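Engineer: Sharing a structure below in structure tokens format, with a few things to ask.
The numbers here are math on the coordinates, done by the rules we state, and not lab data. Given the structure is predicted, the values throughout are model-derived calculations rather than measurements. Neighbour counts are summed over all protein chains in view; Cβ atoms, including those assigned to glycine, are modelled from backbone coordinates with ideal geometry.
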Amino acid sequence: MTIKKVAVIGSGIMGSGIAQVAAQAGYDVVMIDLKQEFIDRGINIIKESLGKFTKKKKITQDDADEIVARIHTSTNMKDAVGDVDYVIEAVFERANVKLPIFEQLEEACPERVIFASNTSGIPVSLLSSATKRPDKVIGLHFINPVPVMRSIETIKTLVTSEETLKITLDFAASLGKKTVVVKDSPGFVVNRISAIVINEGAKLLEEGLATLEDIDELMRLSLNWPMGPFQLADLVGIDVSVDLLEQIYQQTGWERYKPTPLLKRMREVGHIGRKSGKGFYEWA
Ligand code: CAA
């Protein structure tokens, strides 16, 4: 199967990043969201990112314009997915938000179309149960910031077909990303580890072991990480981190994934990281 047109459902940080890398790889893209204002924000994120590439002369302004021109948008999912070859769902990380989308996609897309989910922790099998084509449902977990990070986790369920896997691996490679196939298990691989880093960082802070700036600096310098746990939490989002920890905790009962109270309180007051202007740090 040849993929020409890709639908990305969701235009947030992840959805817009995925739409961008697909368009950069030459695919026609339709980025879909509920409201035009969400889409406009997504297109701005894409333009900002492309601006960084043009500033560094990694691409020309003409390239950037062509990439943006390849990204069509829609607020009507049913109409927009009728002629696509591959769908990537990247909406809010809640099963009760994602499941109805998979049900609607099932109705609106031709039978040949593969559905990939950018879920960071919801079982892909659960999402596939909302469709009549579970063999064509797969996880494609992109990493934030998508235009820069070099990997994608590909999640194969018990019933994902070999053909779906092959098409997906070829697609991921065409985006210039390295893919690792992992089992459909809570948090997969990347978030089994990153969620612990964020939770443990918050516990250290609660215990008053050191300041957050010092903990971040220590981890950057000691392990050569690009970011410490609190910078990472602000990038990922405290809301996303708590959801993720809760999902893994609920599915496994492992105490180490129980979100620490500090993270929960921060989510409650809206200190959820870069996107809200305040998380562990203040963001302009
Ligand atoms: N688009 C295009 N280019 C970008 C960019 C974007 N969105 N963000 C950063 N860049 C570019 C910069 O222009 C810069 O380019 P040059 O090297 O050519 O100068 C380069 O990336 C580095 O950026 P900065 O100098 O601004 O800052 P930095 O050195 O701190 O790098 C970073 C930024 C790439 C984000 C780096 O800090 C990093 O790798 N952080 C770790 C990110 C991480 O761990 N992500 C995983 C989150 S977990 C997740 O995503 C899973 C989940 O489901 C929750």
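Engineer: Test of understanding: extend the Cα→C-beta vector of Asp170 to 7 Å, then name every residue of the range 1-22 with backbone N under 12 Å from that spot.
Structural biologist: Label zone hits: 1-4.
Engineer: Would you be so kind as to identify which of Pro100, Gln247, Trp283 lies farthest towards the positive end of the dipole of the chain, taking Lys and Arg as +1 and Asp and Glu as -1 on Cβ and the Cα centre as origin?
Structural biologist: In the chain, that residue is Trp283.
Engineer: Build a GNM of the chain with springs between Cα atoms under 10 Å: which of Ile167, Ile248, Ile46 gets the top mean-square fluctuation?
Structural biologist: Among Ile167, Ile248, Ile46, the largest mean-square fluctuation in the Gaussian network model of the chain belongs to Ile167.
Engineer: What are the radius of gyration and Dmax of the range 182-284, computed over its Cα atoms and given in Å?
Structural biologist: Rg then Dmax for the range 182-284, in Å: 13.2, 39.
Engineer: Taking a quarter of the surface of the Cα convex hull of the range 5-183, what do you get in nm²?
Structural biologist: One quarter of the hull surface, i.e. the mean projection, equals 8.9 nm².
Engineer: Can I ask one more? Neighbouring Cβ atoms within 10 Å as the yardstick, rank Leu235, Leu140 fewest first.
Structural biologist: Leu235, Leu140
Engineer: Gaussian network model of the chain, Cα springs within a sub-10 Å range: biggest mean-square fluctuation belongs to which of Glu89, Glu103, Glu37?
Structural biologist: Of Glu89, Glu103, Glu37, the most mobile in the Gaussian network model is Glu37.
Engineer: Counting Lys and Arg as +1 and Asp and Glu as -1, each charge on the Cβ, what is the dipole of the chain about the Cα centre in debye, to the nearest 20?
Structural biologist: Numbers: 35 positive and 38 negative charges, 79 e Å.
Result for the chain is approximately 380 debye, rounded to the nearest 20.
Engineer: Shifting gears a bit: Treating the beta-carbon of each Lys and Arg as +1 and of each Asp and Glu as -1, no other charges, what is the dipole magnitude of the range 28-91 about its Cα centre, to the nearest 20 debye? Display every interim value, and only then the final one.
Structural biologist: Working: 10 positive and 13 negative charges, 102 e Å.
Value, rounded to 20: 480 debye.
Engineer: Another one. Given Cβ point charges of +1 (Lys, Arg) and -1 (Asp, Glu) and nothing else, what value in debye, to the nearest 20, does the dipole of the range 192-276 about its Cα centre take?
Structural biologist: Dipole about the Cα centre, nearest 20: 240 debye.
Engineer: Which lysines have a Cα lying under 25 Å from the Cα of Lys4, excluding residues fewer than 8 positions away in the same chain?
Structural biologist: Cross-link targets: Lys47, Lys58, Lys78, Lys98, Lys132, Lys136, Lys156, Lys166, Lys177, Lys178.
Engineer: Sort His141, His271, His72 by Cβ crowding within 10 Å, fewest neighbours at the top. Mind showing how you got there, number by number?
Structural biologist: Numbers: His141 25, His271 19, His72 15.
Fewest to most other Cβ atoms nearby, the residues stand as His72, His271, His141.
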